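*Asks:* First the structure, which I've put down as structure tokens, then a few questions once you've had a look.
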Amino acid sequence: MTNLAAYAAFADAAVARALFRDALGLPHVEGPDGRPVFTLPPGAAGVHPAVDRSRAGTPRWTSRRLRPVLHLDCDRLGETLAELLCGGASLLGFLPADLRGHPAVMVVWVPGTGPVALYPHRT
């Protein structure tokens, strides 16, 4: 495998595209239909159970409506959060780090996109 292509459907794709392009400054090329295709940094794919049995059946995200589907691993978490907030996002909440090694997570609501989780980069 040489690449992973991620496709996501958002309620308002034009607003989501503007956020990725303008607020986050992601480089992009024009796709065949004129829509931007964003170049992403290196990433990882996590495969998690819908319910975490080690936590007595309690999912980490208690509401499906607020469960982020987009997770950004940020080496400059504060700056990325500020960029998103200036681009129209609003802060939804914060999940503290836990004893099992999950990092602290900021969750923002991005217009047209929905909830987005921001993690501090771990090496």
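*Asks:* What is the order of V29, V15, V37, V107, fewest Cβ neighbours within 10 Å to most?
*Replies:* Ranking V29, V15, V37, V107 by Cβ neighbours within 10 Å, fewest first, gives V29, V37, V15, V107.
*Asks:* I need T113, T80 ordered by Cβ neighbour count within 10 Å, fewest first.
*Replies:* Ordered by Cβ neighbours within 10 Å, fewest first: T80, T113.
*Asks:* Also: Residue by residue, what Karplus-based ³J(HN,Hα) values in Hz, rounded to whole numbers, does segment 107-115 have, using 6.51, -1.76 and 1.60 with θ = phi - 60° and x for Gly and Pro?
*Replies:* Calculated HN-Hα couplings, in order: 10, 10, 9, 9, x, x, 10, x, x Hz.
*Asks:* List, in order, the whole-Hz ³J(HN,Hα) value for each residue of segment 86-94 obtained from phi through the Karplus relation with A = 6.51, B = -1.76, C = 1.60 and θ = phi - 60°; use x for Gly and Pro.
*Replies:* 5, x, x, 6, 10, 6, 8, x, 9
*Asks:* Okay, next question. Counting other beta carbons within 10 Å of each residue's own, what order do C74, C86 fall into, fewest first?
*Replies:* Ranked by crowding around the Cβ, least crowded first: C86, C74.
*Asks:* Please give the residues of segment 13-34, grouped as numeric ranges, whose backbone N is less than 17 Å from a label point set 7 Å along the Cα-to-Cβ vector of H121.
*Replies:* Of the residues in segment 13-34, 24-27 have backbone N under 17 Å from the label point off H121.
*Asks:* Quick one: which residues, 5+ away or cross-chain, put their amide H under 5 Å from the amide H of A104? H built at 1.01 Å from N.
*Replies:* A97
*Asks:* Here's another thing I want to ask about it. Using 7 Å Cα-to-Cβ label points, what is the E79/D22 separation (nm, one decimal)?
*Replies:* 2.1 nm
We did not get these values from a lab; they are worked out from the coordinates using the rules stated. Being a predicted model, the structure only gives us computed values, none of them experimental. So basically every Cβ, Gly included, is an ideal-geometry build from the backbone, and we count neighbours across all protein chains shown.
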